[in-house]
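Student: What follows is a structure written as structure tokens; I'll ask about it next.
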Amino acid sequence: MSREIDLYEPLSEMDKHYLINRGMENQVHENELRFSRSDHVTGIAVDSDADNTDNSDNSDADDNDVDAMSDEEWVDSLTVDELRAELKEREQSTAGNKPELQERLLLAL
């Protein structure tokens, strides 16, 4: 399954996670630079020779460390509403309880 992501709009955390897990860290970095406020890039760690930004001042590293998450950890962190939104985006059934939605989303990734 593929996902439509508009790189000319600010990326959601889910879009960033999706791109990073598929080796597209540079697109996340470029998007953050394009839409950064006050010339501050969020704490997404990007391995790039062009990026030497020190993000150590970010005290909430868990929210911004999505590239270190596995798909399973990411799916486990989603709420039921977020799971349903992700499943709907992938044209999957949104019926069921949270464990069923999590399993269905993992299979769709």
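The values are calculated or read from the model by the stated rules, or taken from the named source; none is laboratory data. Please read these numbers as outputs of a predicted model, since none were measured by experiment. Counting neighbours? That spans all protein chains shown, and the Cβs are built from the backbone with ideal geometry, glycine included.
Student: Report the residue count in the range 77-109 for those that are of a type in the set (Asp, Glu), exposed (fewer than 13 other Cβ atoms within 10 Å of the Cβ) and either touching a residue at least 12 places away in the same chain (Cβ under 8 Å) or not in a helix (DSSP H, G or I) (or both).
Tutor: The qualifying residues number 1.
Student: Which condition does ASP57 not pass, out of (1) at pLDDT 90 or above; (2) part of a loop (DSSP other than H, G, I, E, B); (3) not aliphatic (A, V, I, L, M), if it passes all the others?
Tutor: If we test ASP57 against (1) at pLDDT 90 or above; (2) part of a loop (DSSP other than H, G, I, E, B); (3) not aliphatic (A, V, I, L, M), just (1) comes out false.
Student: While we're on this one: Before we move on, is LYS98 within 17 Å of the chain's Cα centre (by Cα) and charged (D, E, K, R)?
Tutor: Spelling it out, it is not the case that LYS98 is within 17 Å of the chain's Cα centre (by Cα) and charged (D, E, K, R).
Student: Another question, then. Considering GLU13, GLU89, GLU9, which residue is at pLDDT 80 or above and within 13 Å of the chain's Cα centre (by Cα)? So that I can check it myself, show each step before the final result.
Tutor: Numbers: GLU89 fails: within 13 Å of the chain's Cα centre (by Cα); GLU9 fails: within 13 Å of the chain's Cα centre (by Cα).
Of GLU13, GLU89, GLU9, the one residue that is at pLDDT 80 or above and within 13 Å of the chain's Cα centre (by Cα) is GLU13.
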